[in-house]
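Structure first, then comments.
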């Protein structure tokens, strides 16, 4: 996870001002015509084309990601059109928004999850060279439990994510030892790197 800085676009403000009942979950359907533009042009850009939770790269094909309501519309209908509640998540069935939304969270559980818009996840997590997500050792008990719950909710410790982070760590470690003649050479190498 990483910190996400958000700035609500004026066209989203204008569109949601026309919604009759903006504090209901049905309001999401009323802005259907701008959702794709919002996802591709603004939200993904704010997130540097990365999933808000696992940081996997997301291309701009709609089938590869979704606009996630951090606080789900069924539990928090009043947050449906809150711009700071909208994040782009990968469409993995094994982690991220899919597991969060199917976890059976109650309203009171959301304060126990690191929110990458309101908090800096770097204050909670670090990563090992082996690809493991680790909870920072300097946390108080409440923040430790919050970090632990966040990992559990989004399945950030899944084997597939750990292996992908390990692959990147290995490639970075190798690139520090080897001087690539240009960026394309390094990119080509990183894309073809085999996990060991």
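Just so it is clear, none of the values below were taken in a lab; they were calculated from the coordinates. Everything numeric in this text was worked out from a predicted model, so none of it was measured. Here the Cβ positions follow ideal geometry from the backbone for every residue, glycine too, while neighbour counts run over all protein chains shown.
Looking at the range 103-147 only, could you name the residues that are touching a strand residue (DSSP E or B) at 6+ places or on another chain (Cβ under 9 Å), more than 20 Å from residue 4 (Cα to Cα) and part of a helix (DSSP H, G or I)?
144
Among (1) touching a residue at least 24 places away in the same chain (Cβ under 8 Å); (2) closer than 22 Å to residue 100 by Cα; (3) outside any loop (DSSP other than H, G, I, E, B), there is one condition residue 12 misses while meeting the rest; what is its number?
Failing condition for residue 12: (2).
Looking at the range 30-55, which of the residues that are touching a helix residue (DSSP H, G or I) at 6+ places or on another chain (Cβ under 7 Å) and within 20 Å of residue 164 (Cβ to Cβ) is surrounded by the fewest Cβ atoms within 10 Å (Cβ to Cβ)?
Out of the qualifying residues, it is 54.
Scanning the range 27-52 for residues that are part of a helix (DSSP H, G or I) and touching a strand residue (DSSP E or B) at 6+ places or on another chain (Cβ under 6 Å), which turns out nearest to residue 6 (Cα to Cα)?
Top of the filtered list is 43.
Quick one: residue 23 ticks every box in (1) surrounded by fewer than 16 Cβ atoms within 10 Å (Cβ to Cβ); (2) in contact (Cβ under 8 Å) with a residue 12 or more places away in the chain; (3) under 13 Å from the mean Cα position of the chain (by Cα) bar one, so which box is it?
Among (1) surrounded by fewer than 16 Cβ atoms within 10 Å (Cβ to Cβ); (2) in contact (Cβ under 8 Å) with a residue 12 or more places away in the chain; (3) under 13 Å from the mean Cα position of the chain (by Cα), the lone unmet condition for residue 23 is (3).
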